[in-house]
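The values are calculated or read from the model by the stated rules, or taken from the named source; none is laboratory data. Everything numeric here is computed off the predicted structure, so don't read it as measured data. Cβ atoms come from the backbone with ideal geometry, glycine included; neighbour counts cover every protein chain shown.
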């Protein structure tokens, strides 16, 4: 918990209030979204792409905020217009910079080892498994999945307390320079890079820019730190040239420091592999996670755990324990079908991995429901095409949702999939998609549901799960979708 004097010291701001707040006043929360304000919170009025946090100052006050951090020029302007803020304020030149300064100062008070995790795919899963394994020995702070950006990660660091022994922080890249800024604030001792794909190329401009920005994590590590790099990814392996820290590579290839061999799928029960570590005998690991791509997640967590001194028995207990809970999970669907909920986000790389998982499962029918993959830039057509081609090889029925995913549907048919088993739904037809799935699914079907976060495919999972608790008969869906023919419009 942060007190007023901490906020003033960290932001280097000036308190302006009619009724004085005592220096020891304790803020119950630090928030950047006025909808999340609670009583006695400190609200940072941040600039946004569509609006400005200063617009919501009155709403924050009505919800019980004790104070707000605002721009000095904004305050001067409203005072000149004869107005005054509805609550005490701390004035600063720029509110986002002030939040970052506060987080950096707070971090300096708790010099515990911090693990930074970045990459195009698998950041959250890797962060969660690292934290789970480290919890075998340490009290761990991890950032929630939505506090991983340049605005959210500082809030996560403000959760550091005297009892935290290790922090694990996910670092998401949205704009050039974001990772470098987060490294400067968080000062990680260990950095993990999972892979490099094409997500966010639209914003960064090129894959080379993506590699350079993700590599800022490696470049920012101290000489006594560790860079844990996916050695199977050539872009990530190449980042070792930017490291002054010790480099440890992981992967399936023989030239990695931490390796997995003899990978075997155990269906919906998980996956197993032989873990091979320098100086240790090879051991068989049974991982309660879905898909071969989860092996890399486990290897990254192993690399971090070894860097922080965990013994092999503790590492294995963390990897194999029932407490291992990641995003991708199975739920009961309508008519006895099983839904694989992988709706958190999507990219060509992660979708191909999910389709590979689907292909490994023993089921009467394997079904994929794939929504648009966003922010691919020049890779948009290629990415959706490759996903469609892979879907044609592994699924029995394919449903797509969104404008871009029409490319996926057509590519599947062009790759030889029967057009009568491919169904393309426009962006305004999500309920129609749900209705058709309720009608089409049957006992034993395994259904992968995946799409970019902006497509909100979790609402489809919720709709299908709800069906399992009602006796409602699915509506007719004779005209709900478009079957796809080679070369045809969708």
Next item on the list: Would you check if residue 351 is at pLDDT 85 or above, under 22 Å from residue 232 (Cβ atoms) and either touching a strand residue (DSSP E or B) at 6+ places or on another chain (Cβ under 8 Å) or surrounded by fewer than 24 Cβ atoms within 10 Å (Cβ to Cβ) (or both)?
Entry: yes
Margin query: Anything in the range 207-248 that is part of a helix (DSSP H, G or I), more than 20 Å from the chain's Cα centre (by Cα) and surrounded by 23 or more Cβ atoms within 10 Å (Cβ to Cβ)? List them, or say none.
Written below: 239
Notebook entry, point to check: Regarding residue 263, is this residue in a strand (DSSP E or B), surrounded by fewer than 18 Cβ atoms within 10 Å (Cβ to Cβ) and touching a strand residue (DSSP E or B) at 6+ places or on another chain (Cβ under 7 Å)?
Noted result: yes
Item checked: Search result, residues across the range 37-62 that are surrounded by 22 or more Cβ atoms within 10 Å (Cβ to Cβ) and not in a helix (DSSP H, G or I) -> 37, 42, 43, 44, 45
Next item on the list: Filter the range 448-482 down to the residues that are farther than 20 Å from residue 427 by Cα and in contact with a strand residue (DSSP E or B) (Cβ under 9 Å, 6 or more places away or on another chain), then identify the one that is modelled with the highest pLDDT.
Entry: 465
Note to self: Would you confirm, using the coordinates I've provided, whether residue 196 is in contact (Cβ under 8 Å) with a residue 60 or more places away in the chain and out of contact with any strand residue (DSSP E or B) (no Cβ under 8 Å at 6 or more places or on another chain)?
What the structure shows: yes
Notebook entry, point to check: When residue 142 is evaluated against the numbered criteria (1) in contact (Cβ under 8 Å) with a residue 60 or more places away in the chain; (2) within 21 Å of residue 191 (Cβ to Cβ), which criterion, by number, is the only one it fails?
Noted result: (1)
Item checked: Test for residue 413: is it buried (at least 17 other Cβ atoms within 10 Å of the Cβ), in contact (Cβ under 8 Å) with a residue 40 or more places away in the chain, touching a strand residue (DSSP E or B) at 6+ places or on another chain (Cβ under 7 Å) and under 21 Å from residue 464 (Cβ atoms) -> no
Note to self: Residue under question is residue 275, and the condition is that it be in the same structural domain as residue 184 (by TED's automatic domain parsing), crowded, with 22+ Cβ neighbours inside 10 Å and assigned to a loop (DSSP other than H, G, I, E, B); does it hold?
What the structure shows: no
Next item on the list: Say whether the condition of being at pLDDT below 95 and within 17 Å of residue 341 (Cα to Cα) is met by at least one residue in the range 403-426.
Entry: no
Check: Is there a residue in the range 8-30 that is buried (at least 21 other Cβ atoms within 10 Å of the Cβ), part of a helix (DSSP H, G or I), touching a helix residue (DSSP H, G or I) at 6+ places or on another chain (Cβ under 9 Å) and without any contact (Cβ under 8 Å) to a residue 40 or more places away in the chain?
Finding: no
